[in-house]
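Engineer: Could you have a look at this structure, given as structure tokens, before my questions?
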Amino acid sequence: MSAFVSHMEAALAEARAAAARGEVPVGAVVVAPDGRVVAAAGNRTRELSDPTAHAEILALRAACAAAGSERLPGHDLYVTLEPCPMCAAAIGQARIARLYYGAADPKSGGVAQGPRVFAHPQSHHAPEVYDGIGADAAARLLRDFFAGRR
């Protein structure tokens, strides 16, 4: 068995790029079973005028397109912020194996907060969930972004 390698820094780089574009700084990367990053994205809701253009959704779309499949078994998803309910549902639909996220989102989270999407009987698939990976850096990026807006 190989040693765990976190890809959260790549997700944080996507979050920083999103902030530079004026988007809420959330980034995500999809990692194939062989450890390769196969997709990366940051939020683009404002840029694309699309409420579904969250980092997770964009990264899942790109990874599915690259795989030629609507499902990504064995793949991992790293995201800087706890996924919202919409993204959590998409993660389940994509059959992501493991979800790693940074900062908790008490206001809009859908994994450990609020609706807890994966805990519902209607959830056909629940990934393994690991929270708090890079949480301090992710939370600081969000705090700084919103402080600059006030």
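The values are calculated or read from the model by the stated rules, or taken from the named source; none is laboratory data. All values derive from a computational prediction rather than experimental measurement. FYI the Cβ positions are ideal-geometry reconstructions off the backbone, even for glycines, and counts take in every protein chain you see. Please note that ligands, DNA and RNA were not included when accessible areas were found on the heavy atoms of the full protein model with its side chains. Shrake-Rupley method; radii C 1.70, N 1.55, O 1.52, S 1.80 Å.
Engineer: Does residue 119 count as open to solvent by less than 30 Å² (accessible area, probe 1.4 Å), without any contact (Cβ under 8 Å) to a residue 24 or more places away in the chain and farther than 15 Å from residue 30 by Cα?
Structural biologist: On the way: open to solvent by less than 30 Å² (accessible area, probe 1.4 Å): no; without any contact (Cβ under 8 Å) to a residue 24 or more places away in the chain: yes; farther than 15 Å from residue 30 by Cα: yes.
Here the answer is no, as residue 119 does not meet what is asked.
Engineer: Check 82, 128 and return the single one that is among the charged types (D, E, K, R), closer than 20 Å to residue 25 by Cα, touching a residue at least 24 places away in the same chain (Cβ under 8 Å) and in contact with a strand residue (DSSP E or B) (Cβ under 7 Å, 6 or more places away or on another chain). Explain how you work it out, then say what you get.
Structural biologist: Numbers: 128 fails: closer than 20 Å to residue 25 by Cα.
Going through 82, 128 in turn, the sole match is 82.
Engineer: While we're here: Test residue 55 against the stated conditions and say whether it is small (Gly, Ala, Ser), closer than 15 Å to residue 84 by Cβ and either free of Cβ contacts under 8 Å to residues at least 40 places away in the same chain or open to solvent by less than 50 Å² (accessible area, probe 1.4 Å) (or both).
Structural biologist: Numbers: small (Gly, Ala, Ser): yes; closer than 15 Å to residue 84 by Cβ: yes; either free of Cβ contacts under 8 Å to residues at least 40 places away in the same chain or open to solvent by less than 50 Å² (accessible area, probe 1.4 Å) (or both): yes.
The answer is yes for residue 55.
Engineer: Here's a follow-up. How many residues are under 11 Å from the mean Cα position of the chain (by Cα) and open to solvent by 10 Å² or more (accessible area, probe 1.4 Å) if we restrict to the stretch 13-25? Even if it seems obvious, please write down each step before you answer.
Structural biologist: At the first step, the residues of the stretch 13-25 found to be under 11 Å from the mean Cα position of the chain (by Cα) are 14-15.
Then drop every residue that is not open to solvent by 10 Å² or more (accessible area, probe 1.4 Å), which leaves 14.
The total comes to 1.
Engineer: Just to verify a result, which residue in the stretch 76-111, among those that are under 25 Å from residue 36 (Cβ atoms) and among the basic types (Lys, Arg), is nearest to the chain's Cα centre (by Cα)?
Structural biologist: 98
Engineer: For the stretch 122-150, which residues satisfy the criterion of being of a type in the set (Phe, Trp, Tyr), surrounded by 14 or more Cβ atoms within 10 Å (Cβ to Cβ) and in a helix (DSSP H, G or I)? Spell out how you get there, then give the answer.
Structural biologist: Just the residues of the stretch 122-150 that are of a type in the set (Phe, Trp, Tyr), to begin with: 130, 145-146.
Adding the requirement that they be surrounded by 14 or more Cβ atoms within 10 Å (Cβ to Cβ) leaves 130, 145.
Answer for the stretch 122-150, where residues must be of a type in the set (Phe, Trp, Tyr), surrounded by 14 or more Cβ atoms within 10 Å (Cβ to Cβ) and in a helix (DSSP H, G or I): just 145.
Engineer: Determine whether the stretch 54-71 contains at least one residue that is in contact with a Phe, Trp or Tyr (Cβ under 6 Å, 6 or more places away or on another chain), at pLDDT 95 or above, not in a loop (DSSP other than H, G, I, E, B) and not hydroxyl-bearing (Ser, Thr, Tyr). If you could, list the steps in order and put the result at the bottom.
Structural biologist: Initial filter on the stretch 54-71 (in contact with a Phe, Trp or Tyr (Cβ under 6 Å, 6 or more places away or on another chain)): none.
Checked the stretch 54-71: no residue is in contact with a Phe, Trp or Tyr (Cβ under 6 Å, 6 or more places away or on another chain), at pLDDT 95 or above, not in a loop (DSSP other than H, G, I, E, B) and not hydroxyl-bearing (Ser, Thr, Tyr).
Engineer: If you check 40, 28, which single one turns out to be open to solvent by 40 Å² or more (accessible area, probe 1.4 Å), in contact with a helix residue (DSSP H, G or I) (Cβ under 6 Å, 6 or more places away or on another chain), in contact (Cβ under 8 Å) with a residue 12 or more places away in the chain and not in a helix (DSSP H, G or I)? It would help to see each step written out before you state the result.
Structural biologist: Values: 28 fails: open to solvent by 40 Å² or more (accessible area, probe 1.4 Å).
From the options 40, 28, the qualifying one is 40.
Engineer: Can you report the number of residues in the stretch 83-113 which are among the acidic types (Asp, Glu) and over 18 Å from residue 19 (Cβ atoms)? Break it down into steps so the answer makes sense when it comes.
Structural biologist: The first filter runs over the stretch 83-113 and keeps only residues among the acidic types (Asp, Glu), leaving 105.
Keeping just the survivors that are over 18 Å from residue 19 (Cβ atoms) gives none.
Residues that pass the stated criteria total 0.
Engineer: Among (1) open to solvent by 30 Å² or more (accessible area, probe 1.4 Å); (2) in contact (Cβ under 8 Å) with a residue 40 or more places away in the chain; (3) within 19 Å of residue 140 (Cα to Cα), where does residue 33 come up short?
Structural biologist: Looking at each condition in turn, residue 33 falls short on (3).
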